[in-house]
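Structure first, then comments.
Values in this text are rule-based calculations from the coordinates and carry no lab data. Remember, predicted model here, so these are calculated numbers, not experimental data. Don't worry about glycine lacking a Cβ; one is built from the backbone with ideal geometry, like all the others, and counts go over all protein chains shown.
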Amino acid sequence: MKSIPTLFFATAAFFALCGMIWGIQMSASHDHTLSPAHGHLNLIGFVAMSVFGTYYALTPRAADSRLAMAHYLVVTATVLILTPGIVMAITGQGEVLAQLGSILVVLSMLVFGFMVLRHGAGVSAIAEPSPSSQPAE
């Protein structure tokens, strides 16, 4: 199995590539109607996933937890549900998927906040020496 940071970064790169291709298509067609969905694909699919991947790469203790994989799955599901949901909302086909995606994006950020509060940030969050191992002055 790939490491959690690798999964986040690889998926972020895939979503960024999809966003770039979509942006080129919108530019070529001169139709930017769906740009809010394109923006969310790039923001959550690339930027947020890259930030999460960086956090997990810098904080191995958090990456080793079971919740890290659940976090990855929730964020991926968020992008896969929210992006078409926004398209559907813009084109008048209903807002249910956009609403569900909105709930998932809040959930994914709550999980991230929990991970940061629980595990700290960076390797030093797990490598701090205990007071008993400090040399006497």
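One table, with the values for the structure above:
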quantity: GNM flexibility winner over the chain from Gly23, Gly39, Gly92 (Cα, springs under 10 Å); calculated: Gly92
quantity: Prolate/oblate/rounded label for the range 46-85 (Cα gyration tensor, a/c 1.5); calculated: oblate
quantity: Per-pair calculated FRET efficiency, R0 = 22 Å: Leu43 and Arg66 via Cβ, rounded to 0.05; calculated: 0.25
quantity: Among (1) 42, 34, 29; (2) 70, 30, 28; (3) 125, 21, 14, the entry that matches Cα extents along the principal axes in Å as calculated here; calculated: (2)
quantity: Extension gain, Leu107 back to Met20 (0.36 nm per residue minus Cα-Cα distance, nm); calculated: 28.7 nm
quantity: Helix 66-90 axis, angle to the chain major axis (alpha carbon atoms, nearest 10°); calculated: 20 degrees
quantity: Spacing of the two label points (7 Å from each Cα toward its C-beta) at Leu100 and Thr6, in nm; calculated: 3.1 nm
